[in-house]
Amino acid sequence: MKVFGFAGWSGSGKTTLIEKIIPQITGRGLSVSVIKHAHHGFDVDKPGKDSWRHREAGASEILLISDERWVLMHELRGAPEPDLDAQLGRLSPCDIVLVEGFKNVQIPKIEVHRPAHSRPLLYPDNPAIVAIATDGELDAPLERLDLNDPAAVAGFILHHQGLI
């Protein structure tokens, strides 16, 4: 599996960009998976539901299955957060995994940057950043991608990863 990441400050548009490039990639007949790193606790379960009650009772893993999807919830229960490689090993095979977050993991990534947000660029301190997707002008030595052109961003990623 090829792995390609996205980094940027909160609110820069990483999730929206990924959402828009997934159909650009799958439209070429390639399969895509996504790993998103959340900085804060999150829950995909609802209090009172059977799976929530099982977790609250102390289960380490709960696998929910229906005729439309399945999901595995794993409670760390104080164990350290698994690294990206461990999580990649849990995914089914696909052509490319898009990774949101994991800023400091050394995988090729695009920085999503909006000059209007007045936040500094990440690339000078992160050698894994290979391009910057932005909606403004930049003076940077990296390739500049138009944040509002998901087809071009997808093409850059696929070319960079040797998939086209």
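Could you list, in sequence order, the residues of region 12-24 that are touching a Lys or Arg at 6+ places or on another chain (Cβ under 8 Å) and not polar (S, T, N, Q)?
Of everything in region 12-24, just one residue is touching a Lys or Arg at 6+ places or on another chain (Cβ under 8 Å) and not polar (S, T, N, Q), namely 13.
Exposed (fewer than 15 other Cβ atoms within 10 Å of the Cβ) and closer than 15 Å to residue 21 by Cα: is that true of residue 146 in this structure?
Spelling it out, residue 146 is indeed exposed (fewer than 15 other Cβ atoms within 10 Å of the Cβ) and closer than 15 Å to residue 21 by Cα.
Based on this model, can you work out whether residue 51 counts as touching an Asp or Glu at 6+ places or on another chain (Cβ under 6 Å) and either over 30 Å from residue 135 (Cα atoms) or among the aromatic types (Phe, Trp, Tyr) (or both)? Even if it seems obvious, please write down each step before you answer.
Numbers: touching an Asp or Glu at 6+ places or on another chain (Cβ under 6 Å): yes; either over 30 Å from residue 135 (Cα atoms) or among the aromatic types (Phe, Trp, Tyr) (or both): yes.
Yes: the conditions hold for residue 51.
Per-residue answers, yes or no, for (1) acidic (Asp, Glu); (2) touching a helix residue (DSSP H, G or I) at 6+ places or on another chain (Cβ under 7 Å):
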{"position": "61", "(1), (2)": "yes, no"}
{"position": "95", "(1), (2)": "yes, no"}
{"position": "106", "(1), (2)": "no, no"}
{"position": "114", "(1), (2)": "no, no"}
{"position": "139", "(1), (2)": "yes, no"}
{"position": "146", "(1), (2)": "yes, yes"}
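Looking at region 14-42 only, could you name the residues that are in a loop (DSSP other than H, G, I, E, B) and modelled with pLDDT under 95?
Passing the criteria: 37, 38, 39, 40, 41, 42.
Which ones in region 43-102 are in contact with a Phe, Trp or Tyr (Cβ under 9 Å, 6 or more places away or on another chain), charged (D, E, K, R) and either surrounded by 10 or more Cβ atoms within 10 Å (Cβ to Cβ) or modelled with pLDDT of 90 or more (or both)?
If the condition is that a residue be in contact with a Phe, Trp or Tyr (Cβ under 9 Å, 6 or more places away or on another chain), charged (D, E, K, R) and either surrounded by 10 or more Cβ atoms within 10 Å (Cβ to Cβ) or modelled with pLDDT of 90 or more (or both), then 45, 83, 100 are the ones that fit.
For residues in region 35-88 being of a type in the set (Val, Ile, Thr) and within 27 Å of residue 18 (Cα to Cα), which is farthest from the chain's Cα centre (by Cα)?
Looking at the filtered set, the residue picked out is 65.
The values are calculated or read from the model by the stated rules, or taken from the named source; none is laboratory data. Worth saying up front: this structure is predicted, and the values here are computed from it rather than measured. Every residue, glycine as well, gets a Cβ built from its backbone with ideal geometry; the counts of neighbours run over all protein chains shown.
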